[in-house]
Amino acid sequence: MELELGLYQDRVDARLERWDGTDLLTRLKQKDLSLWHTRREKVTDMLGWLTLGRSMRSQMDDFLDFAQQICSYGITEVVLLGMGGSSMAPCVFRRTFGVADGHPNLTVLDSTHPDAVRSVIERIEPSTTQFIVSSKSGGTIETLSMYRYFWEEMRSSVTDIGKHFAAITDPGTPLAQLAAKRCFRRTFEADPDVGGRYSALSAFGLVPAALLGVDVRSLLENAFDAWENDDVGSVRGHEGLVMGAALGELTSAGKDKATILTSASLRSFPAWAEQLLAESTGKDGKGIVPIAGEPWLEPDAYAPDRMFIGVTLDGEESSISERLRELAEMGHPAMHMVLESKIELGRAMFEWELATATAAIVMGIDPFDQPDVQATKELAWDFVSARRSQRGRDQGMTFYLDEPDELRAAAEEWLALARPGDYISIQAYLGYGPEVHDGLRRLQADLLTSTGLATTMGYGPRFLHSTGQLHKGGPNTGLFLQLVDSNGYDMPVPGTEYSFGELTRAEAMGDAIVLRDRGRRVLRIDLGDEGAEGVARLRDMFTVMSQARTSKIMV
């Protein structure tokens, strides 16, 4: 780990010395509860990720045998149904390693938007498709809704339907019971001592990786070799602990916007790191705000609330290295992790988990709970199960493209609430279409350049399982732009009284209400059925507003 921390290097060095003096390394390996500030009676039930290097080795043969069976049965497509910690690592493995010869493609579906669900069913061939239903709790409403839909779709296409489904879940969950009842091909029981966002190197990540043809044994060994065979005995011998000290100290000094830069091969890594940082640290009014996928500005254009972290593959790092040097020269703290090969992705994940957990020690928080996530889930389920009118709870929160005067006035009022040190979060409860995605990224760039504030962009409802905890439990520094659409072509969820569109909109409204009730600054806009065109119109509106503000300043 290369560090250029400038004025903050002494703080980090002092922290590392204190950790060595209190034997932090040994206490971590012993899973010492007293390291963290927590109100819970025990934390050891969430520290199994520290020993996955040992506990997973005995399961490698099972994972690889399953992958071989799937290949031999002529399966050409695997669709993983999951949210948050169950889906992030498989996404990264698919985009980083690709698909080995003779192995099936992997699609990760982590959205209940009708467009996303429909795009999968229209593309697959049922007879050569294997579904993986992945949920730690076994009761995630989005995952089970997707399962219900695809089970019914497969029922009319194949005879041995249960063989086309497998499950990854904790022991004894409703999903484990369902899988047994419906004769799933396989159920992988994960370690209950591992929290979802720390599960990349557990069955939740390694089973999909094995299906892709990744060398999962090497991935696991590479991740834990230094940790298990530590000959140094000092925190400085572990990149993750050095990084954790830096993350904690820099955040405490007001540089809480952790902006992640990667080389091309690792471009999907920030989405995984985003959940890890946000859900672990965003609570008790504190938090590290991960900035992933943001367009670049000139080094002198960034606000002083930033730190920058580069993760690159050897041979691809030149532009990132230069970028980090330029940023450091402007006084922005910078860190750089270089991987010698793609298989070191496992090591990077474990080091980032160490960094996040130990940064929480500095910040005085419990990195293993998520106390503010449940509020949105409960309110959304209230809307769905009782089929209550969401508009009845709207209370004037929603503005519409076809009411431009009201919308612009609301947007101007929302932006006027911005303060130095804030960030803007675009929350898109929209389909994943490339034109929509491109428009959202352009909107993100517009808001970044016009306000100078750090910007994030995520799709709902999947971000509720990643950054949602930070939004509601972290510092009140976010301005939230929630975008919804009308889901013109909706799809019912079999065996329920709701549709995918209703579920998505209920979660959006629930989140907006909870954010507002927590005193957050929310602008909620309904794009109707305009999709990419609606995003473009929204960009035009913000551009005009920005030009008007500039003109006033010049006058």
Task: Matching entry among Val522, Val514, Val493 (being assigned by TED's automatic domain parsing to the domain that holds Leu453, aliphatic (A, V, I, L, M) and over 30 Å from Pro367 (Cβ atoms)) - done: Val493
- [ ] Tally the residues that are of a type outside the set (Gly, Ala, Ser) and either farther than 19 Å from Val544 by Cα or not in a helix (DSSP H, G or I) (or both), restricting the search to the stretch 417-461.
- [x] 22
- [ ] Collect the residues in the stretch 24-39 that are surrounded by 14 or more Cβ atoms within 10 Å (Cβ to Cβ) and among the hydroxyl-bearing types (Ser, Thr, Tyr), keeping them in residue-number order.
- [x] Thr38
- [ ] Could you please find all residues in the stretch 465-499 being among the aliphatic types (A, V, I, L, M) and farther than 18 Å from Asp115 by Cβ?
- [x] Leu470, Leu479, Leu481
Task: Selection within the stretch 156-187 - in contact with a Leu (Cβ under 9 Å, 6 or more places away or on another chain) and touching a residue at least 60 places away in the same chain (Cβ under 8 Å) - done: Ile168
Task: Pick from the stretch 331-365, criterion acidic (Asp, Glu) and buried (at least 22 other Cβ atoms within 10 Å of the Cβ), ranking: nearest to Gly205 (Cα to Cα) - done: Glu353
Task: Filtered residue count, the stretch 188-202, keeping only those that are closer than 18 Å to Ser87 by Cβ and in contact with a strand residue (DSSP E or B) (Cβ under 8 Å, 6 or more places away or on another chain) - done: 3
TODO: Please tell me if Leu247 is under 22 Å from the mean Cα position of the chain (by Cα) and assigned by TED's automatic domain parsing to the domain that holds Arg15.
DONE: yes
- [ ] Quick one: in the stretch 439-455, of everything that is in contact with a helix residue (DSSP H, G or I) (Cβ under 8 Å, 6 or more places away or on another chain) and closer than 25 Å to Arg505 by Cβ, which residue is surrounded by the fewest Cβ atoms within 10 Å (Cβ to Cβ)?
- [x] Arg442
Open item on the list: I'd like to check something: does the stretch 412-421 contain any residue that is of a type in the set (Asp, Glu), surrounded by fewer than 17 Cβ atoms within 10 Å (Cβ to Cβ) and modelled with pLDDT of 95 or more?
Closed with: yes
Task: Conditions (1) crowded, with 23+ Cβ neighbours inside 10 Å; (2) small (Gly, Ala, Ser); (3) over 20 Å from Val79 (Cα atoms): number failed by Ser218 - done: (1)
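Rundown of residues vs (1) more than 21 Å from the chain's Cα centre (by Cα); (2) at pLDDT below 95; (3) of a type in the set (Phe, Trp, Tyr), yes/no style:
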site	(1), (2), (3)
Ala348	no, no, no
Ala355	no, no, no
Ala360	no, no, no
Phe368	no, yes, yes
Ala375	no, yes, no
Phe383	yes, yes, yes
Arg387	yes, yes, no
Met397	yes, yes, no
Asp402	yes, yes, no
Open item on the list: Need pairs with beta-carbon distance below 7 Å; first residue among the basic types (Lys, Arg) and within the stretch 344-358, second part of a helix (DSSP H, G or I); sequence gap 6+ or separate chains.
Closed with: Arg347/Asn222; Arg347/Ala223
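The values are calculated or read from the model by the stated rules, or taken from the named source; none is laboratory data. Note that the coordinates shown come from a computational prediction; the quantities given were computed from them, not determined experimentally. Methodologically, a virtual Cβ is constructed for each residue, glycine included, from the backbone with ideal geometry; neighbour enumeration extends over all protein chains shown.
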